[in-house]
Amino acid sequence: MEIITVCGMGFGTSLMLKMMVDDILEKEGIKAEVSALDAGSAKGRNADLIMASADLESALEGVEVSKIFIHNLTDADEVEQKLHDYLQKIHE
């Protein structure tokens with residue numbers, strides 16, 4: 001599984017989100033490659049999932065990848081719950 005975390009420049013909030021996702025996946029025992037990218041680079045990548053701040057929703061419109069948008073990037077519970085819901089959905 002490949003997950004891309006996205007922010008405007010690719011090295012701020014996307015890195016913070018990547019670290020949270022890495023921790024959640026490790027805790028769940030799930031192996032995945034997680035990369036932090038800017039929105040433009042993410043459009044050209046093939047991935048299973050994109051996770052980004054809700055304010056980037058319009059910038060990622062038209063990208064044919066499953067997406068999770070986070071409203072509060074400092075809320076680890078929101079990130080964990082949304083990622084957990086996605087992982088449950090794909091394993092049904």
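Please compute the per residue accessible area over the chain with all protein chains in place, 1.4 Å probe, rounded to a whole number of Å².
Working: 5280 Å² over 92 residues.
Heavy-atom accessible area per residue stands at 57 Å².
Roll a 1.4 angstrom probe over the protein heavy atoms and tell me the percent of accessible area of region 1-91 that is carbon or sulfur. Provide the component values of the computation, followed by the final result.
Details: 2460 of 5100 Å².
After summing per-atom areas, the C and S share lands at 48 percent.
Once the cut-off is 18 Å, how many percent of the Cα-Cα pairs in the chain end up in the long-distance tail?
Values: 1476 of 4186 pairs.
Of all Cα-Cα distances in the chain, 35 percent exceed 18 Å.
Please turn the phi angles of region 80-92 into ³J(HN,Hα) values with the Karplus equation 6.51 cos²θ - 1.76 cosθ + 1.60 (θ = phi - 60°), one per residue in order, whole Hz, x for glycine and proline.
Computed from phi, the couplings for region 80-92 are 5, 5, 5, 5, 4, 4, 4, 5, 5, 4, 6, 9, 6 Hz.
Say each of M9 and E92 gets a label point 7 Å from the Cα, pointing the same way as Cα to Cβ; how far apart are those two points in nm?
Here the modelled spin labels are 4.0 nm apart.
Taking 7 Å along the Cα-to-C-beta vector as the label spot, tell me the R45-T74 distance in nanometres, rounded to one decimal.
With each label point 7 Å from Cα toward Cβ, the separation is 2.6 nm.
The values are calculated or read from the model by the stated rules, or taken from the named source; none is laboratory data. Note that the structure is predicted; figures quoted are calculated from it, not measured. Every residue, glycine as well, gets a Cβ built from its backbone with ideal geometry; the counts of neighbours run over all protein chains shown. We work out accessible area using only protein heavy atoms, side chains counted, and drop any ligands, DNA or RNA first. Shrake-Rupley method; radii C 1.70, N 1.55, O 1.52, S 1.80 Å.
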